[in-house]
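Visitor: Just passing along the structure, written as structure tokens.
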Amino acid sequence: MAASTNTPGNKPGMKQSERIAINIAVTFLRMVTTVGMGLYATRLLLRSLGEIDYGLYGLLGGGAAMLLIIQATLVLSVQRHLAYQIGKGDKEELNAVFSTSLLLFFAAAMVVVLFGAALTPILLKYLNYPEQRETAVLVVWVTTLLMIAVVMVKSPYNAIFMARQAMVQAAFFHCFSSLLLLLVAIIVSRYQGDRLILLGLLMLLLRCFEFALMHFASRRRFEEAHVKISVVRRDLFKELLTFGGWGLLDAAAMRLRQLGGNLILNPFFGPVANASYSLGFQVQTYEQSLAWTFTRATSPVIIQRYAMKDFDYVRRMILSVSRMSTLFVAAICIPAALEMPYILGVWVGVAPAYATEFCTFMLLTVLAEQLTAGYTSGIQAVGKVAVYYSSTAVATFLPIALACLVYLAGYGTPPMLVAFVAAGIVSVVFFRAWHVGKAVGIPFLQWVREVALRVGIVVGISAVLGLLVRETSGLQEIARLSAVFLSYWAAFIPLTWYIGIGDQERKKIKTWLGRARQIVLKS
């Protein structure tokens, strides 16, 4: 991957490879920090609110948060267009995209608030809650709707930080937000009045403060963050909405696939299987957060370089991100899958039936999807997403159909799970490698040779060694867990160095390690 010292948005003198390395490290540290503080805040809130109020807050917040699917897909659209214009170096068009996107999100926020307000009578009528908590339910619902509106209006400011690759500043905002969330949890836990109402009001105040802080920082740092109504254009409004609309189709299909898994399990196997599926989905969510470390840090680079017509760099980056992201996730999830029964026992105590299988297959699904992690950024850079998103939406439903057929043929849960996961991998992963590869000029066999085969050798040999240690060591519990992880890494690290990564990646890693060594010696 060629390095450039003058990519738009980078500091003078900083090579693109150095920027990517810093972004990946910062994104990973941000994820670890925010997840850690978030888990502790959740623990405090659960204890202080009690099961009923905490359940109501989760239900109301979760129901309203479904509306954030719109926000998530529009953010990807805005970030893509911002990064593209940064790559082209067109400041006027960049300001037009930002100003138009802010108006778009403001309109979307108003729709969300009005839609939520219209649902309020239905919510109060049909939601199951203690009669004396009606006022608290209403307050939390209203504050949640307003909070989502604030988050949506804040989105263009967040997108410009990501498009400009200002990951350090973005990480600061997210960590600071997590710290404030922890502070809110502490305040609520010490309050003697209605804690649920206080939580709703404080969370709204928190989101408003975040918006004010990011708005001020964006205007100070980025010239294009100064909104100009005169540059707002109808064609840009339509383009952003169309691009986001196709992404919305894909996101909705993924949500329905997750819901569909629960729906086909419930009538066939009962609520115990649903509990196992929910555990597996939670494990999958944590793993996806880890996997997004690479894609979030590199997606703006791929889009910018495509706009600069540096297509060779884009192709190398797509393959490199796919390879590195898969190896990064495999370093944790494969040994975890080998010791899933013990990990589940420590985490939840007595796990429901089939929980081990669900969690294991969910881990493997996310791992397999990383084999084409860079391809999503590639098709966003090209901009021709209609065929891609509509096809992946159809492919997303294939696992549900195949799982139903397997069950109707007389097989049980484990075979149905295998069918569910296998269909998802084949329909999504290989479609990306073929269709997107064709769009960006990467032959399918090149992906097989440079990504799938390399990663397969590294992970396969390492997993076999870890499995042998697990089955033959005679160790128990934490000792066996440690032995499996250490033996797996003993094979995984050298195999990754000599087989899993390419020559260019090895050179960059050596350079980074050398500079880190010099910094340590000087200190």
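The values are calculated or read from the model by the stated rules, or taken from the named source; none is laboratory data. None of these values were measured; they are calculated from a predicted model. Virtual Cβ from ideal backbone geometry, glycine too; neighbours counted across all protein chains shown.
Visitor: Would you please name the residue that is nearest to residue 230 (Cα to Cα), looking only at residues in the range 86-101 that are modelled with pLDDT of 85 or more and surrounded by 23 or more Cβ atoms within 10 Å (Cβ to Cβ)?
Guide: Per the criteria, the residue is 100.
Visitor: Given 326, 295, 285, which one is under 22 Å from residue 383 (Cβ atoms) and either at pLDDT below 85 or part of a helix (DSSP H, G or I) (or both)?
Guide: When all the criteria are applied, what remains is 295.
Visitor: What helices (runs of 4 or more DSSP H) lie completely within the range 426-504 and have 3 or more residues being over 21 Å from residue 367 (Cβ atoms) and either over 27 Å from the mean Cα position of the chain (by Cα) or in the same structural domain as residue 317 (by TED's automatic domain parsing) (or both)?
Guide: Where helices (runs of 4 or more DSSP H) fall fully within the range 426-504 and carry at least 3 residues being over 21 Å from residue 367 (Cβ atoms) and either over 27 Å from the mean Cα position of the chain (by Cα) or in the same structural domain as residue 317 (by TED's automatic domain parsing) (or both), they are 437-440, 477-495.
Visitor: Let me ask something additional. Within the range 152-162, identify whether any single residue is more than 19 Å from residue 227 (Cα to Cα), assigned to a helix (DSSP H, G or I) and modelled with pLDDT of 85 or more, and answer yes or no.
Guide: No, the range 152-162 contains no residue that is more than 19 Å from residue 227 (Cα to Cα), assigned to a helix (DSSP H, G or I) and modelled with pLDDT of 85 or more.
Visitor: Shifting gears a bit: Which residue, of 45, 59, is in contact with a Phe, Trp or Tyr (Cβ under 9 Å, 6 or more places away or on another chain), modelled with pLDDT under 70, under 28 Å from residue 179 (Cα atoms) and in a helix (DSSP H, G or I)?
Guide: 59
Visitor: Among 501, 461, 478, which is within 16 Å of residue 325 (Cα to Cα) and of a type outside the set (S, T, N, Q)?
Guide: 501
Visitor: Let me ask something else. If you go through the range 190-213 one residue at a time, do you hit one that is without any contact (Cβ under 8 Å) to a residue 60 or more places away in the chain and more than 30 Å from residue 41 (Cα to Cα)?
Guide: No, there is no match, as no residue in the range 190-213 is without any contact (Cβ under 8 Å) to a residue 60 or more places away in the chain and more than 30 Å from residue 41 (Cα to Cα).
Visitor: Hey, among 265, 344, which residue is modelled with pLDDT under 85 and surrounded by fewer than 23 Cβ atoms within 10 Å (Cβ to Cβ)? Step through it out loud before you land on a result.
Guide: Values: 265 fails: surrounded by fewer than 23 Cβ atoms within 10 Å (Cβ to Cβ).
One residue alone meets the criteria, 344.
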